[in-house]
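Below you'll find the structure, written out as structure tokens, and then a few comments.
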Amino acid sequence: MKLSVIAAVACMLLAPAGSDAIAQTSSHAAQARDDVLAQQVSKRLANDPVLKPAAIKVDVDHGIVTLTGTVATEADRQKAARLARVAGVTSVDNNLVTKDDATAKVKGTTGKTGEVITDSWISSRIKTRYTAEDSLRASDIHVAAKDHIVTLTGTVVSDAARTKAVSLAKDVEGVNNVVDKLTIKK
């Protein structure tokens, strides 16, 4: 009887350690599977004559393939996603960008007039509108744009002028948001 109680206590003490070992073994097996999948996908992409020169990074986590980098065209982007679907892959997260997308991000987007909308373009357009507005002539407004978000600082003569300044800034094409840090002159 004493022996069976001692054996039962020993089993209970060893059980958690055993489950940790099983979990570690399972984790190592999943990582090994992910590594094999990453190699298979990378090889398929490298063997493609069109995609070979493209810089595509392949990451796999629990069977989910993530593609990052830049390819020449949208067709190449879609082709890379198709090639990434090998046996064992549960899904493909295609974060590839085309060279056209990358260029547009650097330069900004194109507006209705065909001009490229950059932060400096936005700032310039807002300042031009302010100089044409009589209610803002006595104001001292500084305009800063970053990532198409405009920040207005400085002083205006009234609450109405503040509202007008914010409104004019919001109406400029390409502006995503306006941060109002204007103060009213006393």
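Among ALA161, ALA145, ALA138, which is assigned to a strand (DSSP E or B) and small (Gly, Ala, Ser)?
ALA145
Cβ-Cβ distance below 6 Å, separation of 6 or more or different chains: which pairs start in segment 78-97 with a residue that is under 19 Å from VAL36 (Cβ atoms) and end on one that is of a type in the set (Lys, Arg) and part of a helix (DSSP H, G or I)?
Within 6 Å, the pairs are LEU83/ARG44.
Name the pairs: first residue in segment 164-186 and within 14 Å of HIS142 (Cα to Cα), second residue of a type in the set (Phe, Trp, Tyr), Cβ to Cβ under 9 Å, at least 6 apart or on different chains?
Partner pairs satisfying both residue conditions: ALA165/TYR130; LEU168/TYR130; ALA169/TYR130.
Which one of SER158, SER139 is in contact (Cβ under 8 Å) with a residue 24 or more places away in the chain, farther than 23 Å from THR118 by Cβ, surrounded by fewer than 16 Cβ atoms within 10 Å (Cβ to Cβ) and not aliphatic (A, V, I, L, M)?
Among SER158, SER139, only SER158 is in contact (Cβ under 8 Å) with a residue 24 or more places away in the chain, farther than 23 Å from THR118 by Cβ, surrounded by fewer than 16 Cβ atoms within 10 Å (Cβ to Cβ) and not aliphatic (A, V, I, L, M).
Suppose the filter is surrounded by 16 or more Cβ atoms within 10 Å (Cβ to Cβ), in contact with a strand residue (DSSP E or B) (Cβ under 9 Å, 6 or more places away or on another chain) and assigned to a strand (DSSP E or B); does VAL179 pass it?
When the stated conditions are applied, VAL179 does not pass them.
Consider only pairs whose beta carbons are under 6 Å apart and that are at least six residues apart or on different chains; among these, list those whose first residue lies in segment 118-133 and is basic (Lys, Arg) and whose second residue is surrounded by 14 or more Cβ atoms within 10 Å (Cβ to Cβ).
Taking only residues 6 or more apart or on different chains, the pairs are ARG125/VAL172; LYS127/VAL143; ARG129/LEU168.
Every number here is computed from the coordinates shown, using simple stated rules; none is lab data. The model shown is predicted, which means the values in this text are computed figures rather than measured ones. All Cβ positions, even for glycine, are placed from backbone atoms using ideal geometry, and neighbour counts span all protein chains on display.
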